Each structure stands twice: as structure tokens, then as C-alpha cells.
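Have a look at the structure below, then the notes.
Readers should treat all values here as calculations from the given coordinates under stated rules, not as data from a laboratory. Predicted model only: the values in this text are computed from it and were never measured. Methodologically, a virtual Cβ is constructed for each residue, glycine included, from the backbone with ideal geometry; neighbour enumeration extends over all protein chains shown.
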Amino acid sequence: MKISEQLLKKFEDLAIDKKSKEGQMLLALIEAFVKLEIDVTENKCRLDEIDGDLAEVENEVYGETTEMAMDPDSDIFEMTCPKCNSMIYIDQDMAEDEKIMCPFCKAIIDFEIDQEDGPAPTNGGCGGQCGGCSGCN
């Protein structure tokens, strides 16, 4: 049972005359609440649709990025964040800075570019999980 239906039932249980000032006020409030309840339900449906559309766009965008990262001729490198273990994609311009902020956990990661393997965190940004350098504890 919806909240608006519960309110209407309680109003009827109070046995307030619908023609009295109090009765008219309560009915107006219940009517306004019903409209709000309908709007919220419609907005939830719209939000679900938008969320589905966004998921399709994310799959399209990140799917292409993943394919480029796997291409050995690509200037896109992939690296795992040592803080949150999320996969990060770095292009050649970003790699020149040798520092990047993880878009997921916002950690600043120092890294060096290995010509064969791509970026690897340096000891200052390393969580010791990659095994890609000799500087880990």
C-alpha cells in the first residue's frame, strides 16, 4: 500500500467532515502528497533509463580504451593503481609527467616508464604489489 493510500485511509478513520476547513486542508495536503509521490516514481524511472544509457556509453568508451591499451603499437599504457588496484590508462602526454592522480581513489602515483612494460610505480607510489621493480620491500 502506497503512503498516499495509507494517509487517505487514516483521514477516513478520523471521521473528519470533508467539507470542513480542516477536512479540506487535509485533503489538499493528501492530494499534494499524491502528486509528489507520482513525480518521484516517474523521476526514478527516468533515472533508471539514464543510468542504463550511461552504462552503454561507459561500455563503449572504456571498451575502446581497453582495446587500444592491448594494442602493442598504441601510445596508451595501462597501470594498476597501487592504492586501490584499479586499472588506469595513461597516454604518452600523461606519461611525460611521471606522476598521475588515480581517477578512482585520487591517490598521487609516481611512476617510471619502462620501454618494454610501460609505466610502473616507483617506490614512493608503490604498494609493493606489482613485482615490476627491484625497489619493493
Self-check item: Within the range 3-62: Cβ-based charge dipole about Cα centre, in debye rounded to nearest 20 (Lys, Arg +1; Asp, Glu -1)
Solution: 740
Quiz item: Using r as the Cβ-Cβ distance of THR41 and ASP91, and R0 as 41 Å, what FRET efficiency do you calculate, to the nearest 0.05?
Solution: 0.40
Quiz prompt | Eligible lysines near LYS21 by straight Cα distance, threshold 23 Å, same-chain separation 8 or greater | solution = LYS9, LYS10, LYS35
Exercise. For each of LEU27, LEU14, count neighbouring Cβ atoms within 10 Å of the residue's Cβ, then give the residues from fewest to most.
Key: LEU14, LEU27
Practice problem: Mind running the shape call on the range 2-45? Use the C-alpha gyration tensor, a ≥ b ≥ c as the square roots of the eigenvalues: rounded below 1.5 for a/c, prolate if a/b tops b/c, oblate otherwise. | Solution: oblate
